[in-house]
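Below you'll find the structure, written out as structure tokens, and then a few comments.
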Amino acid sequence: MFDSATRRELYEFTRGTEKFYYTSGDAEVELNDVVYEQITISRSEIKNSSDLEKDPLEITFARDSKFAQDCLRSALEENVYVKVIKFQHGQQSILWQGRVVSVKPSGASIVLKSETNFTKLGRAGARLKFQRTCCHDLYGNGCRLNKADWGVQTTIKSVTANAIELRDLSFDDNYFRLGMLQSAFGVSVGIESSAGNTVNIIRRLDSLADQITSDADLLAYQTAVLELDQTIATRDALDENDPNYEQDFADAQALVDQKQEAFNIASESVFFVVAYPGCMKSLTACDRFNNTDNHLGFAYMPEDNPSTTRNA
């Protein structure tokens, strides 16, 4: 237990119905049945001035933070609110509170820029723009596509810098362009282009090299899955009215346990990743997802010459 005189800074983020609790200290903090996870997080100086527009707070996460990555991918389509709390001598006091207004990667970090709750009182409300391309974020609330329905699970065959060779992709070239590749450990990176079984990611992700699955390991895994399914089916097909049912079931269960153990061992050498297709946000691209009803772009806005339009 840390000394109560030690000052701890706690961070509470709220996104929709979800809450995330972090601390910048050297150990997690449990307070009122809430555990503040110890992570690498820091902030800029808190300033007090009469010019609210000049009082933002920048909160910096390590690039591998799942929460910060989620904010970066979602482009803040859903409001994210933040509280910075001082905890000392058993007392809590709010140092700063507001909402996140922008997210950007910066070297090995992801920076969340936030504004106070009072800043929005002095500015015009956010408005959608008239533009040719759709203003919704792919898989976001406005887009309404279920991300899980479009993910393609596969394995990595080789990694060469930013070029990732996957297996068994049968899609048109650039089907995954502007999409994302999610690693076996949940870290996502954007896809710049794709052709055949190869996707080119926007930045190098060294951890992918440790998630390569060899052909031999994949075959062993597939064999283990098949054998496990067969032994389970054999066990479940036993006749309960057979006088030898109990012994037969015990023998079958022992074989299932054996195949389950073989499956568990084979699974340790196989790393599944998920590739998600991207969207150019044109009407044609939305049609590929059968999602034109939710397209919020104006594909046929006139050019400088009002009699000319551009195809979507």
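The values are calculated or read from the model by the stated rules, or taken from the named source; none is laboratory data. Keep in mind the model is a prediction, meaning the values are calculated, not measured. Heads up, the Cβs are rebuilt from the backbone with ideal geometry, glycines too, and the neighbour counts pull from every protein chain shown.
Numerical summary
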read-out: Residues that are surrounded by fewer than 20 Cβ atoms within 10 Å (Cβ to Cβ) and of a type in the set (Gly, Ala, Ser), drawn from segment 155-187; value: Ser158, Ala161, Ala163, Ser170, Ser183, Ala184, Gly186
read-out: Matching residues in segment 238-279 - criterion: being assigned to a loop (DSSP other than H, G, I, E, B) and within 43 Å of the chain's Cα centre (by Cα); value: Glu268, Ser269, Val270, Phe271, Pro277, Gly278, Cys279
read-out: Selection from segment 247-267 of residues that are polar (S, T, N, Q) and within 13 Å of Ile232 (Cα to Cα); value: Gln253, Gln258, Gln260
read-out: Breaking point among (1) assigned to a strand (DSSP E or B); (2) small (Gly, Ala, Ser); (3) within 24 Å of Ser65 (Cβ to Cβ), for Ala184; value: (1)
read-out: Of the criteria (1) modelled with pLDDT under 80; (2) hydrophobic (A, V, I, L, M, F, W, C); (3) crowded, with 16+ Cβ neighbours inside 10 Å, which one Ala75 fails; value: (3)
read-out: Filter pass, Phe289 being under 30 Å from Asn141 (Cβ atoms), at pLDDT below 95 and either surrounded by 14 or more Cβ atoms within 10 Å (Cβ to Cβ) or in contact with a strand residue (DSSP E or B) (Cβ under 7 Å, 6 or more places away or on another chain) (or both); value: yes
read-out: All strands (runs of 3 or more DSSP E) inside segment 1-60 with 3 or more residues being modelled with pLDDT of 90 or more; value: 8-15, 18-23, 34-38, 41-43
read-out: Tally, over segment 159-181, of residues that are touching a residue at least 40 places away in the same chain (Cβ under 8 Å) and in a loop (DSSP other than H, G, I, E, B); value: 10
read-out: Flag for Ile156 being in a strand (DSSP E or B), among the hydrophobic types (A, V, I, L, M, F, W, C) and either modelled with pLDDT of 95 or more or over 20 Å from Arg63 (Cβ atoms) (or both); value: yes
read-out: Looking only at segment 187-222, and only at residues there that are among the acidic types (Asp, Glu) and either touching a helix residue (DSSP H, G or I) at 6+ places or on another chain (Cβ under 6 Å) or in a helix (DSSP H, G or I) (or both), the one that is nearest to Phe263 (Cα to Cα); value: Asp217
read-out: Residue in segment 109-126 that is part of a strand (DSSP E or B), modelled with pLDDT under 90 and more than 18 Å from Ile202 (Cβ to Cβ) present; value: yes
read-out: Selection from segment 77-95 of residues that are within 27 Å of the chain's Cα centre (by Cα), in a strand (DSSP E or B) and not β-branched (Val, Ile, Thr); value: Tyr81, Lys83
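Table: residues versus (1) out of contact with any Phe, Trp or Tyr (no Cβ under 8 Å at 6 or more places or on another chain); (2) closer than 21 Å to Gly186 by Cα; (3) at pLDDT 95 or above; (4) not basic (Lys, Arg).
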| position | (1), (2), (3), (4) |
| --- | --- |
| Ser207 | no, yes, no, yes |
| Asp229 | yes, no, yes, yes |
| Asp242 | yes, no, no, yes |
| Asp257 | yes, no, yes, yes |
| Glu261 | yes, no, yes, yes |
| Phe272 | yes, yes, yes, yes |
